[in-house]
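Only one structure is covered here, and it is reproduced in the block below.
The values are calculated or read from the model by the stated rules, or taken from the named source; none is laboratory data. Note that the coordinates shown come from a computational prediction; the quantities given were computed from them, not determined experimentally. Positions of Cβ are backbone-derived with ideal geometry, glycine not excepted, and every protein chain shown enters the neighbour counts. These accessible areas exclude ligands, DNA and RNA; they are computed on the full protein's heavy atoms, side chains included. Shrake-Rupley method; radii C 1.70, N 1.55, O 1.52, S 1.80 Å.
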Amino acid sequence: HSIFRNKDVAFEASYNLPTPPNYRLGPGDQVAIDVWGASQSSLLKTISPDGNISVDNLGPIYLSGLTVSQANNLLKQKFEDIYSGLNGENPTSNIRLSLAQNRTIQVHVMGEVVNPGTYAMSAFSTIFNALYLSGGVSDKGTLRDIKVYREDSPVATYDVYDFLLNGNSSMGVRLEDNDVVVVNAYKRLVNVTGAVKRPMFYEVLEDETVGQVLKYAGGLAENAYREDVRVVRSGRYEREILTIAKDNIDQVKLFDGDVISIDEIASTFSNVVEVQGAVY
């Protein structure tokens, strides 16, 4: 949670990126079309609200919804009518479309975030940019099951842990205009205490085990007792303590409110000899 609220960490979309081949064009995008070789031409066009650009001698060309790669193939076919050097087995001219200036999109961030609402952001934005602008996930919100809806249908589910702990960049899929980011309340939150490297609260999924959560906590500290793990669990009327052997930590699943406790080894020594008397 603190990462999104840290003002020194900026999850802001970059405007100075090379045009990704899978970027989908849309109204408001400004595209540069360059023809070079035997024929020379440079055009700067903005895609209209209807999704078209207008080119002299060719008329309107519909680009909205096409990726940059698809748009390049389409323009090559269209421009062959006015530049003969673009076709044939040995073309004498080349054509390329690139993004000169990307459009602004509207994204709705709803649910358990600090400041839910509608935000205007770059079309290069990802879910992390949206969460950053909305102040991050609230204390009641999930970091493991964030959903993106597009045209009333779920299109993606994101696990922030996978990005922060494993560096999985596929979590950063670009948002599109009028996408809705929904952050529901968390379902299972456990507390890891004692001799671990990162003792704190962790959100767990339904199938995750004690062993997996200890990995989130950075593993056992150097002074940890390693033979078993204690889990304090709230029952229907009272609490109970589970003692889990080290060989079984990957089989025991967790419930909301569980407290995992790792004991420290004793501070006494088993191999110490004390020397007294007239010695240096």
Residue ranges of strands (runs of 3 or more DSSP E) in the range 200-269 with at least 1 members within 22 Å of residue 158 (Cα to Cα): 201-203
Members of the range 169-210 found to be touching a helix residue (DSSP H, G or I) at 6+ places or on another chain (Cβ under 9 Å) and among the small types (Gly, Ala, Ser), listed by number: 169, 170, 172
Conditions (1) crowded, with 16+ Cβ neighbours inside 10 Å; (2) of a type outside the set (D, E, K, R); (3) in contact with a helix residue (DSSP H, G or I) (Cβ under 9 Å, 6 or more places away or on another chain); (4) more than 28 Å from residue 60 (Cα to Cα): number failed by residue 111: (3)
Count - residues of the range 123-166 that are buried (at least 19 other Cβ atoms within 10 Å of the Cβ) and hydroxyl-bearing (Ser, Thr, Tyr): 6
Residue in the range 182-192 that is among the β-branched types (Val, Ile, Thr), surrounded by fewer than 20 Cβ atoms within 10 Å (Cβ to Cβ), in a strand (DSSP E or B) and more than 16 Å from the chain's Cα centre (by Cα) present: no
Any hit, the range 207-223, residues being farther than 22 Å from residue 139 by Cα, under 18 Å from the mean Cα position of the chain (by Cα) and open to solvent by 70 Å² or more (accessible area, probe 1.4 Å): no
In the range 18-38, the residues that are open to solvent by less than 20 Å² (accessible area, probe 1.4 Å) and more than 18 Å from residue 93 (Cβ to Cβ): 23, 25, 26, 29, 31
Residue 106 over 24 Å from residue 204 (Cα atoms), open to solvent by 70 Å² or more (accessible area, probe 1.4 Å) and without any contact (Cβ under 8 Å) to a residue 12 or more places away in the chain: no
Flag if residue 118 is in contact (Cβ under 8 Å) with a residue 60 or more places away in the chain and either out of contact with any helix residue (DSSP H, G or I) (no Cβ under 6 Å at 6 or more places or on another chain) or open to solvent by less than 60 Å² (accessible area, probe 1.4 Å) (or both): no
Per-region count, the range 1-51, residues among the acidic types (Asp, Glu) and at pLDDT below 85: 2
Filter result (open to solvent by 60 Å² or more (accessible area, probe 1.4 Å) and either over 16 Å from residue 220 (Cβ atoms) or of a type in the set (S, T, N, Q) (or both)) within the range 250-265: 251, 253, 255, 256
In the range 39-53, residue most open to solvent (accessible area, probe 1.4 Å) [restricted to those that are under 16 Å from residue 99 (Cα atoms) and assigned to a loop (DSSP other than H, G, I, E, B)]: 48
